[in-house]
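The values are calculated or read from the model by the stated rules, or taken from the named source; none is laboratory data. Remember, it's a predicted structure, so these values are computed and weren't measured experimentally. Counting neighbours? That spans all protein chains shown, and the Cβs are built from the backbone with ideal geometry, glycine included. Accessible surface areas use protein heavy atoms only, side chains included; no ligands, DNA or RNA. Shrake-Rupley method; radii C 1.70, N 1.55, O 1.52, S 1.80 Å.
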Amino acid sequence: MSSARSRAPLLAVAAFAFAAAAASIAGRVGAQGERRRSHDDLARHTPAIGRAGYVGSAACAPCHPAAHASWAATYHRTMTQRAGPASVLAPFDGRDLGGPGGPHRPLRRGDEFWAELPDPEYKLARAAEGLPLEHVPTVTRRVVMTTGAHHMQVYWVESPRDRRLHAFPSAWLTDEQKWVPVESTLLRPPQGDVVYTWNRACVPCHAVAGQPRIDDERVDTRVAELGIACESCHGPGRAHVDARRSPLARYALHLSSQPDPSIVHPARLDHRRSAELCGQCHGVARFPDEDTWLARGDTYRPGEPLAPHRQLVRHPVREAQPWLDAILDEDPEYLAGRMWSDGHVRVTGREYTALLETPCFQRGELSCLSCHQLHGADPDDQLAEPARGDAACTSCHVLSDIQAHTRHPAGSVSCYDCHMPRTTYGLLKAIRSHVVDSPDLAVTLATGRPDACSLCHVDRPLAWTAGHLRTWYDHPEPELDGDRQTVAAAVLWAISGDAGQRALAADALGRGEVAGPDWRAPILAHLLADPYDAVRQIAARGLRRLPSAAGVEIDPLAPAEARTTAAAEVLTRWRAALRPGPDRARLLDAAGDLDVAALQALAARRDDRPIDLKE
């Protein structure tokens, strides 16, 4: 009797333990099922993965672990990813966001990311019918993919119909840790409500071997792999993997002095073919047959000549391209949105086209791999170690006395500063030109492209630069009138230039070291009223570095009244601090105060021609 009573608690404990274990197992099974459902939903609404002949980067890792690991650390890998806790950088915390795309919110449900936004499908349907956007319904759609991880990240929401992807109206700026409207990341006049779709514009360069597969009925986009991966540069890997399955075959290849014919090794290509590997994405180009590309995707394979697969656009002043006439008839601003008037590329992401105009490439053997290293380099810019200094140039251009050549103190400037100035725009900043050439004021005056000297010596007028180029390098001295004689060139471009010039000048003014009494705060504060969102953001970034702006709330995308208040506060603080003496070049009057009349006169001459840079 007592034995039975003693067993009863033990049985109860065992029953409870069994029930708990069963519940735990059921919970794990349920969680696994939920993860599987979530993954399957992602796969259904993002590009299908896998193409004939391709194996994906994971197949490279077992034999090439170091190369795979160094690639995995790059921003090429994270260019396009399925959305998940490891890939999404922004806080999806339910905050209310606004902008030209309408009110929207980023939401998170466990490991899933969602968006509440005006229905992009409805907007596109109304636009296709030529109807106004009235009473756009709000929908909740899952965020299924990301683009970018370095400077900014854009998010793509699912379509209920198929694999088409529409942009969430706001992007995340990684440095500023801030949400901004996608429209505000672009240097162009306000476009209003725009719906961006990934499958047509982004697939050529943000995935491996993309096929848009777009027709009138559905979108069924397919890629070999998301992001820029091993097979983007080395070519399809199936033949290579199959040929090397045997350890004996791998050992025989290791002992052989012959290149492996089953895979492309970029370093073994000549400088033109190796550069074309980058040119497949980093060039101004069009597909010869748009309909075929939309249906079947890109036919280029690494190691082949690129020209049969791309119409590589060069400016007519560089090369006659009769087929370009039809494009310009349809879009007269096609070239202006991508190049300066002499053919120099003015937008980022098109460095291969710039390289084509470089004498070191045309008459020498310079290629992208001369400076960039895709494995083992700093992921920020993937520069090879010698290219971090002057060695990339001096390995060919031998100079016995660099200081005598530059006329600057040793170490104060690099070859890049003079021969690759920051005259390319993109990603809300100025970027080095990839056309290697020398400063020439005649070209600056003819094209409007800022010269290297003025982007470094931001307090000097063009007349000062002209005098030094004549004295040092025997350049002809151009005729300069009025303000070009007396006002700093960077100030002229910042106040009266076109939007592209204003962006480059704002970047240069905000980039320089802050030492001694500062004079740039009033100029950058003035740019908080610029009509272009991108220009205001660049100016605000530079302004925040200056003592006069410390503690001032500066939101370049705030309403005009708030921006005016912030600019006035900066100017008040600047006037209360130690200021430089009189200087016409810096718009400082006899008392060292801002020459408001001179600034307003320059502003009245601002070049307001629309600028739309296609980065």
Exercise for review: Consider Val55 carefully, then state whether it is of a type in the set (Val, Ile, Thr), within 30 Å of His254 (Cα to Cα) and out of contact with any Pro (no Cβ under 7 Å at 6 or more places or on another chain).
Suggested key: yes
**Study point:** Enumeration of residues in segment 175-211 that are in contact (Cβ under 8 Å) with a residue 24 or more places away in the chain and farther than 29 Å from Pro610 by Cβ
**Key:** Ala207, Val208, Ala209, Gly210, Gln211
Review point. When you scan segment 521-615 for helices (runs of 4 or more DSSP H) that lie fully inside it, which ones turn up with 1 or more residues that are over 27 Å from Leu187 (Cβ atoms), touching a residue at least 12 places away in the same chain (Cβ under 8 Å) and open to solvent by 10 Å² or more (accessible area, probe 1.4 Å)?
Key: 560-576
**Study point:** Positions within segment 112-150 being of a type in the set (S, T, N, Q) and surrounded by fewer than 16 Cβ atoms within 10 Å (Cβ to Cβ), in sequence order
**Key:** Thr138, Thr140
Check your understanding: (1) surrounded by fewer than 17 Cβ atoms within 10 Å (Cβ to Cβ); (2) closer than 30 Å to Ala499 by Cβ: which one isn't true of Glu357, the others all being true?
Key -> (1)
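How many residues, within segment 39-58, are hydroxyl-bearing (Ser, Thr, Tyr) and either under 17 Å from Gly297 (Cα atoms) or in contact with a Leu (Cβ under 7 Å, 6 or more places away or on another chain) (or both)? Spell out how you get there, then give the answer.
Let us first name the residues in segment 39-58 that are hydroxyl-bearing (Ser, Thr, Tyr), namely 46, 54, 57.
Now drop any that are not either under 17 Å from Gly297 (Cα atoms) or in contact with a Leu (Cβ under 7 Å, 6 or more places away or on another chain) (or both), which leaves 46, 54.
Total satisfying the criteria: 2.
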Check your understanding: When you go through Glu319, Glu365 one by one, which is the residue that is of a type in the set (Asp, Glu), surrounded by fewer than 16 Cβ atoms within 10 Å (Cβ to Cβ), over 23 Å from the mean Cα position of the chain (by Cα) and under 21 Å from Thr447 (Cα atoms)?
Key -> Glu319
Exercise for review: Select from segment 464-489 the residues that are of a type in the set (A, V, I, L, M, F, W, C) and over 18 Å from Ala508 (Cβ atoms) and list them in ascending order.
Suggested key: Ala466, Leu469, Trp472, Leu480
Exercise for review: Count, please, the residues in segment 127-149 that happen to be assigned to a loop (DSSP other than H, G, I, E, B) and either among the hydroxyl-bearing types (Ser, Thr, Tyr) or touching a Lys or Arg at 6+ places or on another chain (Cβ under 9 Å) (or both).
Suggested key: 5
Review point. Only one residue in Arg273, Arg238 is at pLDDT 95 or above, surrounded by fewer than 19 Cβ atoms within 10 Å (Cβ to Cβ) and in contact with a Phe, Trp or Tyr (Cβ under 7 Å, 6 or more places away or on another chain). Which one?
Key: Arg238
Practice item. Looking at (1) more than 24 Å from the chain's Cα centre (by Cα); (2) farther than 17 Å from Leu599 by Cα, find the lone condition where Ala529 falls short. Key: (2)
Practice item. Hey, can you tell me all the residues within segment 455-486 that are in contact with a helix residue (DSSP H, G or I) (Cβ under 6 Å, 6 or more places away or on another chain), more than 20 Å from Arg422 (Cβ to Cβ) and in a loop (DSSP other than H, G, I, E, B)? Key: His475, Glu477, Pro478, Leu480
**Study point:** Extreme residue, nearest to the chain's Cα centre (by Cα), among residues of segment 426-436 that are closer than 21 Å to Pro386 by Cβ and open to solvent by 20 Å² or more (accessible area, probe 1.4 Å)
**Key:** Ile431
Exercise for review: Please enumerate the residues belonging to segment 386-401 that are open to solvent by 70 Å² or more (accessible area, probe 1.4 Å) and assigned to a helix (DSSP H, G or I).
Suggested key: Pro386, Arg388
Exercise for review: Check segment 93-109 and report whether any residue there is in contact with a Phe, Trp or Tyr (Cβ under 8 Å, 6 or more places away or on another chain), of a type in the set (Lys, Arg) and either under 19 Å from Glu158 (Cβ atoms) or open to solvent by less than 30 Å² (accessible area, probe 1.4 Å) (or both).
Suggested key: yes
Review point. Of all residues in segment 402-425, which are of a type outside the set (Lys, Arg), surrounded by fewer than 21 Cβ atoms within 10 Å (Cβ to Cβ) and outside any helix (DSSP H, G or I)?
Key: His408, Pro409, Ala410, Gly411, Ser412, Val413, Ser414
Review point. Mind checking which pairs have a first residue in segment 460-478 that is farther than 19 Å from His405 by Cα and open to solvent by less than 70 Å² (accessible area, probe 1.4 Å) and a second that is of a type in the set (Lys, Arg) and in a helix (DSSP H, G or I), Cβ under 9 Å, 6 or more apart or different chains?
Key: Pro461/Arg484; Pro461/Arg584; Leu462/Arg484; Ala463/Arg484
Exercise for review: Being closer than 19 Å to Ile431 by Cβ and of a type in the set (A, V, I, L, M) is the filter here, so list the residues in segment 375-404 that pass it.
Suggested key: Ala377, Leu383, Ala384, Ala387, Ala392
Check your understanding: What residue, of Asp325, Asp331, is at pLDDT 95 or above and open to solvent by 60 Å² or more (accessible area, probe 1.4 Å)?
Key -> Asp325
